[in-house]
Amino acid sequence: MQDNHLYEYAVIRVVPSVEREEFLNVGVILYCKQQKFLQAVYTLNEEKLRTFSPQTDINTIRPYLDAFVEISKGSKAGGPIGALDMASRFRWLTATRSSVVQTSKVHPGFCNGKADETLLRLHQQLVL
């Protein structure tokens, strides 16, 4: 039997009009220290976002979402934040901010399998 592994995750949100505090869930970021895992995945439903907020410029949002993915990977494309250790990158990505791309509060959980499978399951449940 596999051990349970503690993980932390946050939902990535697009908040087109910050002052209205309305948002659309677009992705998930998951960190599991025991499995040395940090990854973000997103699906930007452009039609839904345009229905939700017609004035939103999707071309300016996508690079920010791509940055979440690159920083979580620790790639050079993630810039100086991408060079930090995994825990620091997760904390930076999930820090409270008042911008168009935000994250929810961090939530804990246990997975008894692979963290990547848990990430995809959460993405399916919370975004798709």
Please report the relative contact order for the range 26-101, taking Cα pairs under 8 Å with a sequence separation of at least 6, and give it as a percent rounded to a whole number.
24 percent
Please identify the DSSP H helices in the chain that span no less than 15 Å along the helix axis (Cα) and have a mean Kyte-Doolittle hydropathy of -1.0 or more.
58-73, 115-126
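Using Cα pairs closer than 8 Å and at least 6 residues apart in sequence, work out the relative contact order for the chain, in percent.
The normalised contact order for the chain reaches 36 percent.
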Counting Lys and Arg as +1 and Asp and Glu as -1, what is the net charge of the other residues whose Cβ lies under 12 Å from the Cβ of residue 34?
+1
Spacing of the two label points (7 Å from each Cα toward its C-beta) at residue 92 and residue 51, in nm
3.7 nm
Starting from the alpha-carbon convex hull of the chain, give the projected area averaged over all orientations, in nm².
7.7 nm²
Ranked highest first by the average count of other Cβ atoms within 10 Å around their residues, in what order do 70-77, 94-101, 116-123 fall?
116-123, 70-77, 94-101
Quick one: check the C-alpha center-to-center distance for the range 1-64 versus the range 79-102, whole angstrom.
13 Å
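Coordinate-derived values only; no laboratory data. Everything quoted here is computed from the prediction, not taken from an experiment. Here the Cβ is made from the backbone with ideal geometry for all residues, glycine too, and neighbour counts use every protein chain on show.
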